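Student: Please read through the structure below; I'll follow up with questions.
No value in this document is a laboratory result; all are computed from the given coordinates. From a predicted model like this one, the values you see are computed outputs, not experimental measurements. A quick note on method: Cβ atoms are made from the backbone with ideal geometry, for glycine too, and the neighbour counts reach across all protein chains shown.
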């Protein structure tokens, strides 16, 4: 554990808190992509299968929080707040993301065991799971400020993992190329968003695309 | 050398 990893995980927790806070206070999930949220649940369930055979207090607790909160968000979106979700603007074709992640997982896992292939699948899928959400923001041309805070916190989490990986490599030669490549791709996908978030939202203006 | 399934991150 190092400060970058800890900060990254905290941003991940903050993003989930912001998302649930936004939904429960506004009683609405407008502006949130159901498809991205469904992909995240798929990511957590396929990555954290090792909950059944590995226990570490910090990691296991976080894993349960991520799976549980993700399932809760989907419950809110399909149950109480379903009328506020507009499927007509949530039209990204996720089958290509799932298919691409599945192909990469089958071709290049660390080991060809079901758990390792699913772990690799989750790493690749996470790297692109935000795309339906970013696509939705792009289609509508604007986003509520709280939604932009959510996307920022979620992006900051994986961005902070990059110095964490550098630190771990330098201090213990820990080296996880799959996570690193996918994590860098994930961060790059957020980069446009980060730029607009920085130049607009942080200066008190609304998040609107040029 | 890879991480070889030693997944101690989230």
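Student: Can you report the principal axis dimensions of the range A:1-102 using only the alpha carbons, biggest first, rounded to whole angstrom?
Tutor: 41, 35, 25
Student: Find the all-direction average of the projected area of the Cα convex hull for chain A, expressing the result in square nanometres with one decimal place.
Tutor: Result: a mean projected hull area of 12.1 nm².
Student: If you don't mind, there's one more thing I want to ask. If I take R0 = 22 Å and measure r between the Cβ atoms of residue A:206 and residue A:96 in this structure, what FRET efficiency does the formula 1/(1 + (r/R0)^6) give, to the nearest 0.05? List each step's numbers first, then the result.
Tutor: Working: r = 31 Å, r/R0 = 1.42.
Working from the Cβ atoms, E equals 0.10.
Student: Rounded to a whole number of µm²/s, how large is the Stokes-Einstein D of the range A:1-53 at 4 °C and 1.567 mPa s, given Rh as the Kirkwood radius over C-alpha pairs?
Tutor: For the chosen part, D equals 99 µm²/s.
Student: Residue A:45 to residue A:89: extension gain in nm, 0.36 nm per residue of separation minus the Cα-Cα distance?
Tutor: Details: separation 44, 0.36 × 44 = 15.84 nm, distance 2.63 nm.
Contour length minus Cα-Cα distance gives 13.2 nm.
Student: I would also like to ask the following. Once you put a point 7 Å from the Cα of residue A:106 and another 7 Å from the Cα of residue A:54, both along the Cβ direction, what distance in nm separates them?
Tutor: In this crude spin-label approximation the distance works out to 2.5 nm.
Student: Find the relative contact order for the range A:35-163 and round it to a whole percent, using C-alpha pairs within less than 8 Å whose residues are 6+ positions apart.
Tutor: Relative contact order of the range A:35-163: 34 percent.
Student: Next question, about the same structure. Computed FRET efficiency, Cβ-Cβ of residue A:199 and residue A:138, R0 22 Å: what is it to the nearest 0.05?
Tutor: Values: r = 16 Å, r/R0 = 0.74.
So, using R0 = 22 Å, E works out to roughly 0.85.
Student: Here's another thing I want to ask about it. To the nearest whole percent, what portion of all C-alpha pairs in the range A:68-133 is separated by more than 17 angstrom?
Tutor: Everything past 17 Å amounts to 56 percent.
Student: Report the gain in length on full extension from residue A:3 to residue A:171: 0.36 nm times residue separation, minus Cα-Cα distance, nm rounded to one decimal.
Tutor: The residue A:3-residue A:171 span can extend by a further 59.2 nm.
Student: To continue, here is another question. Report D for the range A:116-172 in µm² per second (integer): Stokes-Einstein, Kirkwood Rh on Cα pairs, 37 °C, 0.692 mPa s.
Tutor: For the chosen part, D equals 245 µm²/s.
Student: To continue, here is another question. Taking each residue of A:110-116 in turn, how many C-beta atoms of other protein chains fall within 10 Å of its C-beta, and what is the average?
Tutor: Going residue by residue through A:110-116 and averaging, the value is 2.
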